[in-house]
Amino acid sequence: MIAALMPTYNRADLAFERGEGARLWTEDGRRFLDFGSGIATSSVGHAHPHLVKTIAEQAAKVMHVSNLYRVPQAERLAARHVAASFADSVFFCNSGAEANEGMIKAMRKTMAETGRGERFRFITFEGAFHGRTLATLAATGNAKYLEGFGPKVDGFDQVPFGNMNAVRDAVGPATAGVIIEPVQGEGGVRPAELRFLRELRAMCDEYGLLLGLDEVQIGMGRSGKLWAHQWAGIEPDVMSAAKGIGGGFPLGAILAKEHVAKHLKPGTHGTTYGGNPLACAAGNAVLDIILAPGFLDQVDRVARHLWRALLALKERNSDLVEDIRGAGLLLGIKLRDGVLNTDFQAAAVAEGLLTVAAGQNVLRLAPPLIITEAEADEAVDLLGRALGRLRAAAATPQAAAQ
Ligand SMILES: *Cc1c(COP(=O)(O)O)cnc(C)c1O
């Protein structure tokens, strides 16, 4: 008989009862170092006192009122995001896919409202991940995810990641813009070259196209700057965010320049839960932490420390590890052919370390942004032991995860 909880995921047999900072404890008392953060989401760590207190206090007052009324917590959160970014205006929703759907709609509407309604197509990239709704699946373009769900939503033209000639070739009379993750997360922790991002910006300006960034995973401080595109010194026209912005509380957002945002007039877009008092209180608490003086500098410092330690790990284990890649605290360990990232992940669990697999046979590290250098060293030590297990298992199959 089918499980009561729909069997949509391949879940590890671990059930966590509580967490603190970068640590998680299972119901049966096993302790883990969490370098997955619930897929780059628990950005300020588990049970952060300020986030916990804010959520508890807001929940006791009012959680939800709908967007039929003003929501002061949302007004404040939007104003703070505007002050801290390229954006002039912010729309709140509940997830990354919902933010991307809204971003796609905002880009199309901008074209329609400026006399270019025939421009509804987007250039997207191989290895992308934009979500699991029908339109964001089409933008993702992964045949495996699309199969069995009927005709793919029209309007997405996929080209190789990082190839400017392919992008230029794909621009046609129906092109509205480009949608890209500055660092591909699910697709294998692949950063776009900063020059590529600048060239995309320049091309969009040249042809009057819109640049939409998906910063759902790398955004909100994970790169060491608040938004990853800041490293390239460019600004998008519109951007999606989610995962880390609520610190574990479901919250998504579309951040946009005025020339895009002004076209989402009343009645054009909406969501019932989106931007409710509780979610926005959580979002404000996360901003308090991430925008505190010195916080992002420390993320950058610990990220560089982790990067160097991983390079040394690679040198010591070059028989198994092919490459270290990524940016900030979204780092990937690419394994050699014949060594599976899922086996490495299981071996890390056996050592007490939680990670996330990614595409291209990469093991992804996305720790909470509050980790210390000592915790980074500990994780690398556990990864070294996990690699030892893989090596032993290659000699004695079935020993790896025991
Ligand atoms: C996770 C992710 C999404 C989808 O977010 P959901 O909250 O799962 O809908 C979209 N884009 C990127 C880059 C992501 O990493």
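The values are calculated or read from the model by the stated rules, or taken from the named source; none is laboratory data. Note that the structure is predicted; figures quoted are calculated from it, not measured. Quick reminder, even Gly has a Cβ in these numbers, built from the backbone with ideal geometry, and neighbours come from all protein chains shown. These accessible areas exclude ligands, DNA and RNA; they are computed on the full protein's heavy atoms, side chains included. Shrake-Rupley method; radii C 1.70, N 1.55, O 1.52, S 1.80 Å.
For segment 56-73, the criterion of being open to solvent by 90 Å² or more (accessible area, probe 1.4 Å), without any contact (Cβ under 8 Å) to a residue 40 or more places away in the chain and aromatic (Phe, Trp, Tyr) is met by at least one residue.
Listed by first and then second residue, the pairs linking a residue in segment 190-215 that is part of a helix (DSSP H, G or I) to a residue that is within 15 Å of the ligand (Cβ to nearest atom) and hydrophobic (A, V, I, L, M, F, W, C), with Cβ atoms under 7 Å apart and 6 or more places separating them unless they lie on different chains, are LEU200/VAL178; LEU200/ILE180; CYS204/VAL178. Residue-level check: of (1) touching a residue at least 12 places away in the same chain (Cβ under 8 Å); (2) surrounded by fewer than 24 Cβ atoms within 10 Å (Cβ to Cβ), GLN230 misses just (1). Scanning segment 368-387 for residues that are under 18 Å from GLU351 (Cα atoms) and either open to solvent by 60 Å² or more (accessible area, probe 1.4 Å) or not in a helix (DSSP H, G or I) (or both) yields ALA374, ASP377, ASP381, ARG385. No other residue among GLU258, GLU315 is surrounded by fewer than 19 Cβ atoms within 10 Å (Cβ to Cβ) and touching an Asp or Glu at 6+ places or on another chain (Cβ under 7 Å) apart from GLU258. You will find that of GLY187, GLY155, GLY212, GLY162, the residue that is more than 21 Å from the chain's Cα centre (by Cα) and not assigned by TED's automatic domain parsing to the domain that holds LEU329 is GLY155 and no other.
Condition check for GLU193 on (1) away from the ligand (no atom under 16 Å from the Cβ); (2) touching an Asp or Glu at 6+ places or on another chain (Cβ under 6 Å); (3) among the charged types (D, E, K, R): one failure, at (2).
Results for (1) of a type in the set (A, V, I, L, M, F, W, C); (2) more than 30 Å from ALA394 (Cβ to Cβ); (3) more than 16 Å from the chain's Cα centre (by Cα), shown as yes or no for each residue.
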position	(1), (2), (3)
ALA242	yes, yes, no
HIS259	no, yes, yes
TRP307	yes, no, yes
ARG316	no, no, yes
LEU320	yes, no, yes
GLY328	no, yes, no
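Determine whether segment 94-108 contains at least one residue that is part of a loop (DSSP other than H, G, I, E, B), in contact with a helix residue (DSSP H, G or I) (Cβ under 7 Å, 6 or more places away or on another chain) and small (Gly, Ala, Ser). Looking for residues that are part of a loop (DSSP other than H, G, I, E, B), in contact with a helix residue (DSSP H, G or I) (Cβ under 7 Å, 6 or more places away or on another chain) and small (Gly, Ala, Ser), one finds none in segment 94-108, hence no. Counting the residues of segment 343-402 that are within 19 Å of SER318 (Cα to Cα) and small (Gly, Ala, Ser) gives 11. For the structure I just gave you, tell me whether GLY187 is modelled with pLDDT of 95 or more and either in contact with a helix residue (DSSP H, G or I) (Cβ under 7 Å, 6 or more places away or on another chain) or within 16 Å of the ligand (Cβ to nearest atom) (or both). Yes; evaluated as a whole, the condition is true for this residue. Confirm whether LEU213 is modelled with pLDDT of 95 or more and either within 15 Å of the ligand (Cβ to nearest atom) or buried (at least 24 other Cβ atoms within 10 Å of the Cβ) (or both). Against the criterion (modelled with pLDDT of 95 or more and either within 15 Å of the ligand (Cβ to nearest atom) or buried (at least 24 other Cβ atoms within 10 Å of the Cβ) (or both)), LEU213 qualifies.
Looking only at residues in segment 109-150 that are away from the ligand (no atom under 12 Å from the Cβ), in contact with a strand residue (DSSP E or B) (Cβ under 6 Å, 6 or more places away or on another chain) and assigned to a helix (DSSP H, G or I), the one that is nearest to ARG201 (Cα to Cα) is MET111. One residue stands out among those in segment 65-106 that are β-branched (Val, Ile, Thr) and more than 16 Å from the ligand (Cβ to nearest atom): the one that is nearest to SER240 (Cα to Cα), which is VAL90.
Would you confirm whether or not segment 352-368 contains a residue that is within 30 Å of GLY247 (Cβ to Cβ), touching a His at 6+ places or on another chain (Cβ under 6 Å) and modelled with pLDDT of 95 or more? Checked segment 352-368: no residue is within 30 Å of GLY247 (Cβ to Cβ), touching a His at 6+ places or on another chain (Cβ under 6 Å) and modelled with pLDDT of 95 or more. The single condition from (1) farther than 30 Å from ALA261 by Cβ; (2) in the same structural domain as PRO236 (by TED's automatic domain parsing) that CYS93 fails is (1). Per the listing GLY275, GLY244, the residue uniquely in the same structural domain as ALA60 (by TED's automatic domain parsing), open to solvent by less than 20 Å² (accessible area, probe 1.4 Å) and more than 24 Å from GLU186 (Cα to Cα) is GLY275. Screening the candidates ARG325, ARG308 for the property of being in contact with a strand residue (DSSP E or B) (Cβ under 6 Å, 6 or more places away or on another chain) and more than 21 Å from SER42 (Cα to Cα) yields one hit, ARG325.
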